[in-house]
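For reference, the structure is listed below as structure tokens.
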């Protein structure tokens, strides 16, 4: 990587049946404060049945100065879609964003500055804030959740106020908007056991698996709070039912992660019966919303962790 030249990026966006949201995300990309000759956009249609293809080609037609490519991936799951997009990339600096992410206009400039300072960085990311058309309801749900559970809505806001190099097992990093440096990440980038459906349950954590795998290889992963993106939360997620489902699926994800890294002798999750009983006792003594959320999270996480998957 010649750091004296202006760096070039490839933005990879997996998408499935969310053309209206995708349109907003692409509009933000068109407004990037970065030379349009120094980045490309690859939109991976993950077997959509709506007008996603039409929306993508409209974007390509209206933004001819941006090198853009429509790619179709029939295997459903963002890990499949992202890997397919990365294979088509012409540049080693890959910016993976979700189709419901609005990026800052200076995102590529900030990534460029950071990678020049840290050319050995494998992954770089920053903060993500959840937003919604029904912002009042979203704020109410975020208030119900504990601060550390804002990840339910893909919100990432660590305590650090400056650039931080992460260490294992710190996986509370980012997912919706990250830079992957292919000069440091070799082979298949995303493990396709993650970011896919099992028995009709969507299991994510492909980004967490990537970060943990790289940290175990002593690769450099950087968090920069000046990098900010917004996550558009759809109305279908603004419910207690969705939150409960997300806790359950997190348990499934952690078992898959523990199975993946069991040869290291490390476990990310271990049920603590004493802690669980203390939560139950607290809720019985003081049945408020805070204690309810804690008990519900631990119960659903445990059930998810030991839930049998046919393909596991």
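Between the helical axis of 273-285 and the longest alpha-carbon principal axis of the chain there is an angle of about 70 degrees. For the chain, the relative contact order is 19 percent, taking Cα pairs closer than 8 Å that sit 6 or more residues apart in sequence and dividing their mean separation by the residue count. Under a point spin-label approximation (7 Å from Cα along Cα-to-Cβ), what is the residue 284-residue 88 distance to one decimal in nm? Inter-label distance under the simple model: 5.8 nm. A Förster radius of 45 Å combined with the Cβ-Cβ distance from residue 136 to residue 264 puts the calculated FRET efficiency at roughly 0.50. Dividing the summed helix terms, -39500 (n - 2.57) for each DSSP H run of n ≥ 4, by the number of residues in the chain produces a 222 nm estimate of -12000 deg cm²/dmol to the nearest 500.
Secondary structure note: in the chain, about 40% of the DSSP beta bridges are antiparallel.
If you sort the three axes of the alpha carbon gyration tensor as a ≥ b ≥ c, you get a/c under 1.5 for the range 9-238, which makes it rounded. Each residue in 16, 274 was given a count of other beta-carbon atoms within 10 angstrom of its own, and listing them fewest first yields 274, 16. Any idea what angle helix 19-30 forms with the longest principal axis of the chain, computed on alpha-carbon atoms, 0 to 90 degrees, nearest 10? It is inclined by approximately 50 degrees.
At full extension, residue 6 and residue 20 could sit 1.7 nm farther apart than now, given 0.36 nm per residue minus the alpha carbon distance. Extension gain, residue 160-residue 72: 0.36 nm per intervening residue step, less the Cα-Cα distance, totals 27.8 nm. Panel order for 285, 222, 43, by other beta carbons found within 10 Å of each beta carbon, from fewest to most: 285, 222, 43. Round to the nearest 10 and give me the degree value, 0 to 90, for the angle of helix 78-87's Cα axis relative to the longest principal axis of the chain. Once rounded, the angle reads 20 degrees. Here the simple spin-label model places points 7 Å from the Cα toward Cβ, and for residue 188 and residue 272 these points are separated by 3.5 nm.
The numbers here are math on the coordinates, done by the rules we state, and not lab data. All figures in this text were calculated on a predicted structure; none of them were measured in a lab. Glycine also receives a Cβ, built like all others from the backbone with ideal geometry; neighbour counts cover every protein chain displayed.
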